[in-house]
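The values are calculated or read from the model by the stated rules, or taken from the named source; none is laboratory data. The structure displayed is predicted, hence computed values, not measured ones. Positions of Cβ are generated from backbone atoms using ideal geometry, with glycine treated the same way; all protein chains shown enter the neighbour counts.
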Amino acid sequence: MEYKAFRDLKLSRLGFGNMRLPEEGGRIDRVKAKEMIDLAMAGGVNYYDTAWVYHGGDSETFLGEALKDYARDSFYVATKFNISADPDYRKVFARQLEKLKTDYIDFYLIHCIMDNNIHSYVDDGAVDYFLEQQREGRVRYLGFSCHSSVESLRWFADHHQWDFAQLQLNYYDWLYSATPEEYHILEERNIPIMVMEPVRGGKLAKLTPEAEAILREAHPEWSIPSWGFRFVRNLPMVQTILSGMSTLEQVEDNLKTFADDSLFTETDRDLLFRACEIFHKQIRIPCTACRYCCDDCPMQINIPEFLRVYNQYKVDGDWGIKEKFAAVSSEGTPADCVACGACMDHCPQNIQIPDLMGEMSEKFFGE
């Protein structure tokens, strides 16, 4: 296991994210999940990340149970306060200490700052409260996790000198979002980064065949997910990289990756970006929203908007996808498509619109 110094600590570069633990009957499968924690501990992982809201509130309880067999100074726990889940930060924090069976939290985060909640964390006193807990020793290091605009991130990062921040960081977002700017905001303020979504919730664990072929030819001994870890591990501000593991096999593969001290070269980075560009083109629907397809649609379906949301699903997964489809302003939905082909007569991109309407109808508009 590779380690990196953080203040007076040495943190494993691989962190165990407890958001996607194996389940049985809708609840954490404690036997399988405990096996994974034990394997991670044996492999040198010492950073364990959870939150009040993970697994319906059960993740913290499980993690407290799973780590009670180990000396308290052999691991570091990170958990979070989410104002949208419960604004009573005093009650939440007291309960978290109980659930995690500890007197202090090593790494505490203001959870999921977004444009619509960022000022509430400050105005309602949560940030000041957790700074007080830090002064009193119940929080060792205080940070935040971010899903906001660049402007909000900059404002929150300037509140005081944060100890660390958690950022969604992966090679796909590096190329196709504002991630480089977010990274540099934290870099300018010397705020170490704990990485979340290094393989984008699993979307980068399996690429398209053409994209994967490029990577396998270069390093047949590297797994496809490991490329994502190797990319972010090479960024100087990155401290620990979280993986929301769900199986023993994922733990084993990640341990193998972080035991491998092979260099990630500029050539590797260029190959990865090339593969990502191919992956991007192959999974996305090339709609330019010209709206030529709309005028003759007998069911008055807002085709470009439904294709835009479907593209989001292909990249981001099903997080809030039904709500996004429901928010589309349209007389008809993909379920109303009669496959007449009128849209195809006008599409300059030659998109197979009726087929895609059928896919969306089956996936998201069925009974």
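Odds and ends about this structure:
- Residues located in segment 205-219, provided they are part of a loop (DSSP other than H, G, I, E, B) and under 20 Å from TYR313 (Cα atoms): ALA205, LYS206, LEU207, THR208
- All of LYS80, LYS91, LYS34, LYS68 fail the test of being closer than 19 Å to LYS101 by Cβ, touching a helix residue (DSSP H, G or I) at 6+ places or on another chain (Cβ under 6 Å) and among the basic types (Lys, Arg), apart from LYS34.
- Residues in segment 156-204 that are within 13 Å of the chain's Cα centre (by Cα), in a loop (DSSP other than H, G, I, E, B) and not basic (Lys, Arg): LEU169, ASN170, GLU197, PRO198, VAL199, LEU204.
- From LYS203, LYS256, residue being more than 15 Å from ARG13 (Cβ to Cβ) and in the same structural domain as ASN18 (by TED's automatic domain parsing): LYS203
- Leading residue by the ranking (farthest from PHE16 (Cα to Cα)) among those in segment 148-176 that are surrounded by 15 or more Cβ atoms within 10 Å (Cβ to Cβ) and among the hydroxyl-bearing types (Ser, Thr, Tyr): SER152
So that you can scan it fast, the table gives a plain yes or no per residue for (1) crowded, with 21+ Cβ neighbours inside 10 Å; (2) in contact with a Lys or Arg (Cβ under 9 Å, 6 or more places away or on another chain):
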position	(1), (2)
PRO180	no, no
VAL195	yes, yes
PRO198	yes, yes
GLY202	no, yes
PRO209	no, no
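- Residue tally, condition assigned to a helix (DSSP H, G or I), aromatic (Phe, Trp, Tyr) and closer than 18 Å to GLN168 by Cα, over segment 104-131: 0
- Answer from GLN282, GLN239 - the residue that is touching a residue at least 60 places away in the same chain (Cβ under 8 Å), outside any loop (DSSP other than H, G, I, E, B) and outside the structural domain of PRO198 (by TED's automatic domain parsing): GLN282
- Subset tally (residues that are touching a strand residue (DSSP E or B) at 6+ places or on another chain (Cβ under 8 Å), outside any helix (DSSP H, G or I) and of a type outside the set (A, V, I, L, M, F, W, C)) for segment 78-103: 5
- Single condition ILE37 does not satisfy, out of (1) in contact with a Ser or Thr (Cβ under 9 Å, 6 or more places away or on another chain); (2) surrounded by 23 or more Cβ atoms within 10 Å (Cβ to Cβ); (3) among the aliphatic types (A, V, I, L, M): (1)
- Looking only at segment 135-155, residues that are touching a helix residue (DSSP H, G or I) at 6+ places or on another chain (Cβ under 8 Å) and assigned to a loop (DSSP other than H, G, I, E, B) come to 2 in all.
- Helices (runs of 4 or more DSSP H) enclosed by segment 301-367 - at least 3 residues per element that are out of contact with any helix residue (DSSP H, G or I) (no Cβ under 9 Å at 6 or more places or on another chain), surrounded by fewer than 14 Cβ atoms within 10 Å (Cβ to Cβ) and modelled with pLDDT of 85 or more: none
- ILE278 fulfils the conditions (1) out of contact with any Asp or Glu (no Cβ under 7 Å at 6 or more places or on another chain); (2) within 30 Å of GLU217 (Cα to Cα); (3) among the β-branched types (Val, Ile, Thr) except for a single criterion, (1).
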